[in-house]
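Here is the structure we will look at, set down as structure tokens.
The values are calculated or read from the model by the stated rules, or taken from the named source; none is laboratory data. Keep in mind that what you see is a predicted model, and the values were worked out from it rather than measured. Every residue, glycine as well, gets a Cβ built from its backbone with ideal geometry; the counts of neighbours run over all protein chains shown. Surface accessibility is based on the protein's heavy atoms, side chains included, excluding ligands, DNA and RNA. Shrake-Rupley method; radii C 1.70, N 1.55, O 1.52, S 1.80 Å.
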Amino acid sequence: MSTRAGRVAQGGSALDRSRPLSFTFGGRRLKGFAGDSLASALLANGQAVLARSFKYHRPRGLWGFGAEEPNAILDVQYPDGRHDPNARATLVPLEDGQAVKTVHGWPSAGRDVYGFLDRLHPLIPAGFYYKTFIRPNWHLFEPRIRAMAGLGVVPVEREPLLRAQRHHHTDVLVVGAGPAGLAAARAAAAAGQRVLLVDDQPAPGGALLVDPTDIDGMPAAAWVDRVIADLGAMPNVTFLPSTTAMGLFDHGLAILAERRPVPAGFAPEYLWKVRADRTILATGAIERPLVFPDNDRPGVMSAFAARAYLARHGVRAGQAVVVLTGNDSGWRTAEALALAGSEPVIVDLRPDVAPHPSIPTHVGSVVIAVQGRVGVAGVVVEPLAGGPRTELACDLVAVSGGWTPTVHLHMHAGGKLRFDERLDAFVPAGEAGSVATVGAANGRFDTAGCLADGHRAGSIGSGSFAAPEAEAEPAYRQARWRKLDRPKVRQWVDLQNDVTAKDVSLARQENYVSVEHLKRYTTLGMATDQGKTSNLNGLALMADELAVPVEQVGTTTFRPPFTPVSFAAIAGSRREALLTPLRLLPADREHVRVGAVFDDYGGWSRPAFYPQEGEGRAEAIAREVLATRQGVALFDGSPLGKIELAGKDAAVFLDRLFYHSLGDLKPGRVRYVFMLTEHGKLYDDGVVSRLAEDRFLLSPSSSHATGVHALVEEWRQTGWPELGVVASNVTTAWATFAVTGPKARVVVGRLPVDVDLSAQALPHMGFVQGRLGDVPVRIARVSFTGELSFEISVPAGYGPSLYRLLADLGKEQGIVPLGSEALLVLRAEKGYVLVGRDTDGNTEPQDLGITAPLRKKQHDFVGRRSLMRPVSRDERRLELVGLLNTVPDEPIPTGAHMFERDAGGSRRSRGYVTSAYQSPTLGRPIALGIVADGRRLQAEGARVDLFHLGKVYHAKVVSPVFYDPAGERLRG
Amino acid sequence: MLLIACPWCGPRDETEFRFGIEAGVTRPEPDAADDRAWAAYLFLRENHRGRHRELWCHAGGCGQWFLAERDTVTHRIERTEVLPGHPSTEGRTAGEQHGAMEAPAPSETVMGGAGEQA
């Protein structure tokens, strides 16, 4: 037998020794086997130092076996491009070609230039940062401190593989496939329930894989195989290994993260959203450390982990092993390692146990020092009752400080806890709604008890079906231990956050005695392990400090997720176009064909401008504007909102809903209207066409189509259900094109329509329905450019052909495609506002100079009463104006603030610039803004100063209508 | 995440719904209400602890507004029902069907914010 720790020749139930794997750690090539975890492979290769600690940069090694691991957080890159910057080595299956490095410590965890910090430890106790870096300003120090701290660096590469998400419904969710979980699943499945069974390890069995006991007369492994085979044969059962339950939420929702092998290069994780009528938690327990001097050295390991690595992965974690324990389970580690060829010594805190028959035992003793720096070299043992010290040379200290039931999910579900003195731990106090906890998580630490507990919870009614049975074990007993009472030495409580017993005392001295304060002051229980190994020891120490029972100290809040879950898994496939579907215009390909440059406008992909050969953005926009003013242009307005409203009370409904009256609108006519919120604020502007006595078409602005429809429905259903009216959003059913410009009539006149489009029959703000060949067509005389315009709509499928037809018909007049950017300039020249851009959440109709409906309307409408509050008459309200720069070549930028000086000489904003453009029509810059008392300033032709990014601009306040104020160009 | 029984579509995830307003907020006669009464209608809500009647909209589904009775402490949804005066309710027992239904897989839970690290 070897005298060195490492891989043993045989054994390791998880290993497939016929499949050797190769990986690198810090650039060094290492070997492992299929079935290894990253942790077991590193342990087998004798890698003792896997991390530098968070604060003191002390070397740290592997502590645990599962989700609780505080130290071995590593950066893992996969050959397929995946990159996990803070993987928990205990949960990552070894794969061929993984490149692994440490996340903390520079240049490496083995040789860390910040290692000197540990010698400064008396200067940097808990709360040091708060006290020291507060002056002059934390932000001066933050970048350097953050660089030295942290647990990994976010990769800059793009995540190559999508994660999948699944939704699932089940009668019973069983979390944990140890003895309790298997018994529960078996009973529930036999009762005909739909069962989803999950376990965070790759293989079912839980503690039975490490501490086997005969069950129902067969070896544990055979029993587990049999149960899994039986369950697998049942159509009502699903078993997911390598799956962590991240959290429980309202109404039986559980979020599960499944880690999968990736043969097809797809979905290395599945995020499950499960609704379960009942949830059974068989989540087991986590072994906790003991608090003693230098208990953080690499080579101080959980006793359970030490025997688990041997049983599952055939790795001996040490040759000369000191097992420090306060309960019987530590003895199992000593026995297992002795069988495998190690030389263990037991140090048991309990004074009243008989020594082990074949393993040297120090009864009633504790370790008072651990020698070695980057590994364990030896320990000093001292009897608790006093007496001579013993020095023992060793390379592993295996520690069992007792077992902490894993109650996280129980607490997510709103459960309560009680403190069990015998276990020296918190256990669930009853069930949490539909969530029951069984087995070790419920404080049952014997296999027989776990089986009975699980079986009972899984059963429905009284069946003839019997619970599985195992041999009785001696009652579990845990020695009560808090810390060694020596003021000078450092004894670690939280390995991940470098919190010592002294820090807990300091928190108490400074009166941070509430557990939530203790946590934030010392960082105990924070970061990626959330104190799975440390919380209870910390609470117990605080209880001692305060001389109160642990129960009275309580616990901090348990919040999801149980272990970190990747953003990629949460996002799933919801990224880019699958997150925000980009909406394409019906005539999208026509725009592509004529060379449009596209942009995203409120979720629609729309042509921004159509550059010609050698033309830049600004030139293209200017050309399109001038072509519209002088000739004719073709604009795709398909996203314009279209909500049809019909019914005998449609007119009454609209009169109540809109600011402007609509009951008096004649069929075939269109009106420009405002929609307000009940608070009197401007929500949207748009036009409404009356198609018939009982039928209207609302055209809200493109970005508000959905919102206006929602408001229509809200008032229709909850406000006035007695009105006979229905509404439907038909925005995408129609393609709409505007032919606009002084030559528009010539082009539209060539359309083969069966309706009269003359100025007499269809004047400005007129509307007509007819047929274009065989196709229904709607034509409205509305304009957002200020020029003569025809808005022509056909069913969406005919959009591309109508676009081609109009382009064809307009060729002779030199029709140009008009993009959204030029349209923005055209409307600004006319002083047409964009609600939401030239208005803010406080804008009311009078701020835009429109007051007639409020004065004239004879009945109530949405928002009217709110407009009568004093605030609506405040003379400092922001009102729409035009602004012209008075200094040539200093155009006023969007976002500039008009300001005044207050008594102290500081600038105070009195409104701001909302839109600013170079106007090709006027050949000069123009701007729109909302400023305090704007209309008075406009009437006075006031000169004002505006401030933007450190510069003052000078402007004259003018009318917001820069072009054709009489609106003569709209007619004709 | 809540599981809400839409009276028309049955139990669906909370993400399909939009919360509207607590029930019982009535619009005062606008011209009779003084500014204080009007402001109360706009801004003041009971939001009390325990059973609470609310208006929800199945915005990502059938688009219908309905009444829900929810416990603000346990998040349990006691019942949902069609709005009174809904023209489609005649001869329909949807409200009773769903209203009498057990709140789906209720838990006695008050959740904190998810995943807070500190």
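Miscellaneous remarks
- Taking the stretch A:946-967 and a reference point 7 angstrom along Cα→Cβ of A:R936, the backbone N atoms nearer than 17 Å belong to A:957-958.
- Between the stretch A:677-707 and the stretch A:293-333, the alpha-carbon centres lie 72 Å apart.
- Simple spin-label estimate for A:V730 and A:E471 in nanometres, 7 Å along Cα-Cβ: 8.2 nm
- Straightening the chain between A:R593 and A:E159 buys 152.9 nm, computed as 0.36 nm per residue apart minus the Cα-Cα spacing.
- Computed E for A:K666/A:D945 - FRET, C-beta separation, R0 45 angstrom, nearest 0.05: 0.40
- In a DSSP loop and with at most 14 other Cβ atoms within 10 Å, the trypsin sites (Lys or Arg not before Pro) in the stretch A:23-124 are A:R111.
- Each Lys and Arg Cβ is given +1 and each Asp and Glu Cβ -1; about its Cα centre, chain A then shows a dipole of about 1960 debye.
- Each of B:T26 and A:I124 was given a label point 7 Å from its Cα along the Cα-to-Cβ line. The distance between the two points is 6.6 nm.
- Residues within the reach of a label modelled at A:L546 (point 7 angstrom out along Cα to beta-carbon, backbone nitrogen below 15 Å), restricted to the stretch A:388-419, are A:419.
- Mean accessible surface per residue for the protein assembly as shown, computed with a 1.4 Å probe while every protein chain stays in place, in Å²: 42 Å²
- Dipole of the protein assembly as shown computed with +1 at Lys/Arg Cβ and -1 at Asp/Glu Cβ about the Cα centre; of A:Y270, A:A448, A:P776, farthest Cα towards the positive end is A:P776.
- Both the radius of gyration and Dmax for the protein assembly as shown are 36.7, 116 Å, in that order, over alpha-carbon atoms.
- Of all complete DSSP H helices in chain A, not one has a Cα span along the helix axis of 27 Å or greater and a mean Kyte-Doolittle hydropathy of 1.0 or more.
- By average C-beta atoms within 10 angstrom, highest first, the peptides A:664-671, A:376-383: A:376-383, A:664-671
- Once you reduce the stretch A:878-957 and the stretch A:213-277 to the center of their Cα atoms, the two points are 65 Å from each other.
- Overall Cα dimensions of the stretch A:1-119 - principal axes, largest extent first, Å: 46, 39, 26
- The Cys residues in the protein assembly as shown with no partner Cys Cβ within less than 4.7 Å of their Cβ are A:C394, A:C450, B:C57, B:C62.
- Comparing Cα centroids, the stretch A:767-797 and the stretch A:148-195 end up 56 angstrom apart.
- Cα→Cβ-extended label distance, 7 Å offset, between A:D889 and A:K101, nm: 5.2 nm
- FRET efficiency for A:L626 and A:E900, using Cβ-Cβ distance with R0 set to 45 Å, rounded to 0.05: 0.70
- The mean number of Cβ atoms from other chains found within 10 Å of a Cβ in peptide B:19-26 is 1, as a whole number.
- Three-way shape call for the stretch A:802-930 based on the alpha-carbon gyration tensor, with the a/c threshold at 1.5: oblate
- Per-residue SASA remark: A:M765, around 40 Å² accessible (1.4 Å probe; ligands, DNA and RNA not included).
- Neighbouring partner chain Cβ atoms per residue of A:246-256, average, 10 Å criterion: 6
- For B:29-35, mean number of other protein chain Cβ atoms within 10 Å: 3
- When A and B come together, around 3300 square angstrom of accessible surface is lost from both chains combined, probe 1.4 Å.
- Neighbour-limited loop hits for trypsin sites (Lys or Arg not before Pro), the stretch A:891-972 (at most 13 other Cβ within 10 Å; DSSP other than H, G, I, E, B): A:R971
- The protein assembly as shown - percent of accessible surface contributed by carbon and sulfur, probe 1.4 Å: 54 percent
- If you take all other residues with their beta carbon under 15 Å from the beta carbon of A:A733, and give Lys and Arg +1 and Asp and Glu -1, the sum is +2.
- Considering only alpha-carbon pairs that sit under 8 angstrom and 6 or more positions apart, the relative contact order computed for chain A is 9 percent.
- The GluC sites (Glu not before Pro) found in the stretch A:325-425 that occupy coil by DSSP, while having at most 12 further C-beta atoms within 10 Å, are A:E421.
- Estimated FRET transfer efficiency when R0 is 60 angstrom, pair A:A338-A:H139 (beta carbons, to 0.05): 0.60
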